[in-house]
Amino acid sequence: MTTLDDMSQEQRRPRPAPEPRAANVNSVLSIAVAVLAVLLGFFILRDLRNDSGVAVPEETAPSGDAATDTTVEVLPVETTVASVQLTAFKVQIANASGVSGSAGLLTTEMQGKGYIVQPAINKSEITPKQTVTVVYYLLGSEAAAARVAQELGGVATAPMPTPIPTETGSLGEASVLILLGTDLAGKPLAIIAGGAAPAPAIVTTTTTG
């Protein structure tokens, strides 16, 4: 039979501590978060490497005993200008050198080369005497002008100025103008072309209203 003293002793006995469930849950969560962080760090690092933009040079496959040269070859200008047909455009020569008859001489020699050249004329009154020959072109005749400039030893080319620097103020049916300067005036075309440059220079011009 249980007495009051026995019940008091039962109440005074220490009860067992509850199992540390919360601690276990916290530990599991901590481990899961750590693993997730490691995985995220791995994927982020991999994406950064892929998107770094650093180009990896490709290896050139060897041909025989020696490796092939991967240098890009630039095609010479002659390949482009040589494809322009001489009869596809007309040329006008204006004498700006002050040397009498020099434009007519160059006109005859250019015609002998197969160019369609209009009768020679002089520069306009407002155009100063030229010491350097320039080949001017209308829009769309850049390649033709380059062919003519190469024929003249690689002189400079430029868009047609306004007004047109001829005594008539026009080109007639021509689309290319040779404004002959003292550098080429009176010289045979064979001598002029003997020092032909691989590509004519490009110059800029100013226009007047």
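The values are calculated or read from the model by the stated rules, or taken from the named source; none is laboratory data. Being a predicted model, the structure only gives us computed values, none of them experimental. Because the Cβ atoms are built from the backbone with ideal geometry, glycine has one as well, and the counts that use them run over all protein chains shown.
Within the range 120-132, is even one residue touching a helix residue (DSSP H, G or I) at 6+ places or on another chain (Cβ under 7 Å), under 12 Å from VAL91 (Cα atoms) and assigned to a loop (DSSP other than H, G, I, E, B)?
yes
What pairs come up if the first residue lies in the range 130-147 and is of a type in the set (Gly, Ala, Ser), the second is modelled with pLDDT of 95 or more and in a loop (DSSP other than H, G, I, E, B), and their beta carbons are under 8 Å apart, counting only those six or more places apart or on different chains?
As it stands, the answer is GLY140/SER175; SER141/PHE89; SER141/SER175; ALA144/PHE89; ALA144/SER175, since those pairs meet every condition given.
Report, by residue number, each residue of the range 96-113 that is in a loop (DSSP other than H, G, I, E, B) and closer than 15 Å to ALA190 by Cβ.
Residue satisfying the conditions is LYS113 alone.
Taking the condition of being touching a helix residue (DSSP H, G or I) at 6+ places or on another chain (Cβ under 8 Å) and closer than 15 Å to MET110 by Cβ, how many residues in the range 149-175 meet it?
Matching residues across the range 149-175 total 6.
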